[in-house]
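Peer 1: Sharing a structure with you now.
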Amino acid sequence: MATFSNIGAICKVPSTHSLSSSSRRALFPTLRSYNYSQISRSRSCRLGIRSSYAEAVRENPNSGAIDIEADVKTERIVVIGGSGFVGSAICKAAVSKGIEVISLSRSGRPSYSGSWVDQVTWMTGDVFYANWDEVLPGATAVVSTLGGFGSDEQMQRINGEANVVAVNAAKDYGIPKFILISVHDYNLPSFLLQSGYFTGKRKAESEVCSKFPNSGVVLRPAFIYGKRKVNGFEIPLDLIGEPLEKLLRATESFTKPLNSLPASDLVLAPPVSVDDVAYAAINAVKDDDCFGIFTIDQIKEAAKGAKV
């Protein structure tokens, strides 16, 4: 297993500023190349079609009969933490793309309204005690949104150990792909990255890279905004996040020289819409050539392709 200090060597992502738009990657560069022009092309839905139309016409020119056989591979994903802020957005986006969705969370079915809610299979359970026989068979991908705050021990358990359990369960059941929602490091000094929150996240990332080297995806967004529901109340994080993202995008050419300063991204890293995170995850589910660690800009670019 990779340690925190060398995780970047396993899942190294080149700077988006040093590459042309056609060659930007969020990949392991020594394994495969990934072109973002392929984002909108799903390789997970394959059609095998046989038509007897031509034969029918030759035999009877007046016949309009068409005999078509199609073999379609559909997607089925398991979203761990699917009733939460980010998880529910992923469930909703998946349903909109015709993907079958199972959510596993401790709270079960959420109180959200909308027709998409009825199209998700909501399961109640704790990842440490889950009956994976009821959850994983038939899945084509697992998406984990597990994470939280608390004491160092609690954050290590939630952000790290819980995700490691999910990764290994997916591997044991032969699931082809694992997508982890992680976090941007904000250019923090190394001693600050030793907190349970970040070490837990990086431990989970390392496990994904190790167990799914050719298909694992790690998304590293900064502050995620959107309409978040907490105990029945809606918190409009988009009222802060959206204008702040636009401001930082508009001024990034001026603030770029400050990016090398320690902890500069606490102020300069653009927030990310929860919908962009969700559609970037869906892009990862549907594109077989998509794997590696995705930065903030690469999350945005991947989401654009999935929304088409």
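The values are calculated or read from the model by the stated rules, or taken from the named source; none is laboratory data. All values derive from a computational prediction rather than experimental measurement. No Cβ is skipped: glycine too gets one built from the backbone with ideal geometry, and neighbour counts run over all protein chains shown. To get the accessible areas, we keep the full protein, side chains included, count just its heavy atoms, and leave off ligands, DNA and RNA. Shrake-Rupley method; radii C 1.70, N 1.55, O 1.52, S 1.80 Å.
Peer 1: Amide H of ILE235 versus every other amide H placed in the peptide plane: which residues, excluding those fewer than 5 positions away on the same chain, fall under 5 Å?
Peer 2: Placed amide hydrogens put ARG228, LYS229, VAL230 under 5 Å from ILE235.
Peer 1: Here is a follow-up. Based on the Cα gyration tensor of region 236-308, what are the three equivalent ellipsoid semi-axes, each the root of five times an eigenvalue, rounded to whole Å and given largest first?
Peer 2: Values: eigenvalues 121, 48, 19 Å².
Working through the eigenvalues yields semi-axes of 25, 16, 10 Å.
Peer 1: Still on this model: Rank ARG109, ARG220, ARG228 by accessible area, highest first, at a 1.4 Å probe radius?
Peer 2: ARG109, ARG228, ARG220
Peer 1: Turning to a different aspect of this structure: Within a Cβ distance under 15 Å of SER107, other residues only, what is the Lys/Arg minus Asp/Glu net charge?
Peer 2: +3
Peer 1: Straight-line reach from LYS246: which lysines have Cα under 30 Å away, leaving out those fewer than 8 places along the same chain?
Peer 2: Partners found: LYS12, LYS92, LYS97, LYS201, LYS227, LYS229, LYS256, LYS286, LYS300, LYS304, LYS307.
Peer 1: Jot down the per residue volume, in cubic angstrom and as a whole number, of the convex hull over the alpha-carbon atoms of region 150-308.
Peer 2: On the way: hull volume 22.1 nm³, N = 159.
Spread over its residues, the Cα hull of region 150-308 gives 139 Å³ apiece.
Peer 1: Still on this model: So what is Rg over Rh here for region 79-167, counting just Cα atoms and using Kirkwood for Rh?
Peer 2: Taking Rh as the inverse mean 1/r over Cα pairs, Rg/Rh reads 0.97.
Peer 1: Taking the alpha-carbon centroid of each part, what is the distance from region 239-286 to region 153-191 in angstrom?
Peer 2: 22
Peer 1: Dipole magnitude of region 173-278 about its Cα centre, charges +1 at Lys/Arg Cβ and -1 at Asp/Glu Cβ only, in debye to the nearest 20?
Peer 2: 280
Peer 1: I would also like to ask the following. At q = 0.20 Å⁻¹, what is the base-10 log of I(q)/I(0) for region 175-249 according to the Debye formula with one equal point scatterer per Cα and no solvent? Please give it to two decimals.
Peer 2: For region 175-249 at q = 0.20 Å⁻¹, log10 I(q)/I(0) is -0.98.
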